[in-house]
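Peer 1: Please read through the structure below; I'll follow up with questions.
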Amino acid sequence: MQPIRKIAFVVNEEKNGASEITRALVAATRAAGVKLKQTTRFPIPRGYLADCDACCVVGGDGTLLGVAREAARAKVPILGVNRGSLGFLTTFSADEARNHFAELLAGRFRVDHRAMLDCSTGPGSHDLALNDVLIKDQVNSRIVRLEVHADGELVTTYTCDGLIFSTATGSTAYNLSAGGPIIHPDACVVAMTPICPHTLSNRAIIFRQEVKLRVINRTTGSRLLVAMDGQRDLKVGMDSPIEITVSRLRLPLAQSEDYSHFSVVRTKLKWGGELVDRSSGQK
């Protein structure tokens, strides 16, 4: 990658240690002669990243999700420094960032381009999601009937607590908790996973990149909630269809040059185990 000439810092000061590591990274940035700007404002203003070569997000995965759509629009790579819990997206630890920030500023990182979802609930009402789009009743305890169409063809009508439409990036988030599949981040697909469906044969479905999905509310007297990445809600009328597609925009996500997706998955999901010699029963 080209060296970074100007970088924006987006800092979640509520996260333990975020301010301290930011001070160290800002000092390293100034020592390298790189221009910078810094904000603790969420969401960041439209156009905030337009003149930057990179954005360093210090916080948790939720903090990064709050910056993702603006970074995708500006085509600016995000360097995520984890001060949260899991860190699927903010993959640089505080120590890694502190010890190698000069190298990152020099362009020694790789960029993965992550697929995003575009969701529309009517004219002038649409948004982008990096992880997922959640559709459910506005009242938490109510069951919904959601009719799903893919490219104009009826899939089925789900009676459930809701539907999760997930990207590959979001497959290890709410989708996974609801029993959906883990998807490799390079797979540009959409996973649709029902939440607590009332038919046991209802399972997650994987759709191709070009799919055009439409969800129609068939619940009598019910108004839906459409949540983008668990952070922003889209307004939806009683009879308004919800349309979901894979966006033309991609999120540039900076990773270390030796980044391993499955190493992160093994660590964060605590995958483990030892090989067993089945012939002898010995480990």
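The values are calculated or read from the model by the stated rules, or taken from the named source; none is laboratory data. Small disclaimer: the values here were computed from a predicted structure and weren't measured. Glycine also receives a Cβ, built like all others from the backbone with ideal geometry; neighbour counts cover every protein chain displayed.
Peer 1: Residue under question is T219, and the condition is that it be among the polar types (S, T, N, Q), part of a loop (DSSP other than H, G, I, E, B) and either surrounded by fewer than 14 Cβ atoms within 10 Å (Cβ to Cβ) or in the same structural domain as A71 (by TED's automatic domain parsing) (or both); does it hold?
Peer 2: It is false that T219 is among the polar types (S, T, N, Q), part of a loop (DSSP other than H, G, I, E, B) and either surrounded by fewer than 14 Cβ atoms within 10 Å (Cβ to Cβ) or in the same structural domain as A71 (by TED's automatic domain parsing) (or both).
Peer 1: Pairs under 9 Å by beta carbon, first residue at positive phi in the stretch 184-206, partner surrounded by 13 or more Cβ atoms within 10 Å (Cβ to Cβ) and not acidic (D, E), six or more apart or different chains?
Peer 2: C196/I143; C196/C160; C196/G162; C196/A178
Peer 1: I've got another one for you. Out of all the residues in the stretch 251-259, is one or more modelled with pLDDT of 95 or more and touching a Pro at 6+ places or on another chain (Cβ under 6 Å)?
Peer 2: yes
Peer 1: If the requirement is being in contact with a helix residue (DSSP H, G or I) (Cβ under 8 Å, 6 or more places away or on another chain), surrounded by fewer than 20 Cβ atoms within 10 Å (Cβ to Cβ) and of a type in the set (G, A, S), which of these qualifies: A187, A204?
Peer 2: Being in contact with a helix residue (DSSP H, G or I) (Cβ under 8 Å, 6 or more places away or on another chain), surrounded by fewer than 20 Cβ atoms within 10 Å (Cβ to Cβ) and of a type in the set (G, A, S) holds for just one of A187, A204, which is A204.
Peer 1: Among the residues of the stretch 166-181, is there at least one that is assigned to a strand (DSSP E or B) and either of a type in the set (G, A, S) or surrounded by 15 or more Cβ atoms within 10 Å (Cβ to Cβ) (or both)?
Peer 2: The answer is yes, given that some residue of the stretch 166-181 is assigned to a strand (DSSP E or B) and either of a type in the set (G, A, S) or surrounded by 15 or more Cβ atoms within 10 Å (Cβ to Cβ) (or both).
Okay, residues lined up against (1) assigned by TED's automatic domain parsing to the domain that holds G17; (2) at positive phi; (3) modelled with pLDDT of 95 or more; (4) buried (at least 16 other Cβ atoms within 10 Å of the Cβ):
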position: K37; (1), (2), (3), (4): yes, no, yes, no
position: R41; (1), (2), (3), (4): yes, no, no, no
position: P45; (1), (2), (3), (4): yes, no, no, no
position: V57; (1), (2), (3), (4): yes, no, yes, yes
position: L64; (1), (2), (3), (4): yes, no, yes, yes
position: A68; (1), (2), (3), (4): yes, no, yes, yes
position: A72; (1), (2), (3), (4): yes, no, yes, yes
position: V81; (1), (2), (3), (4): yes, no, yes, yes
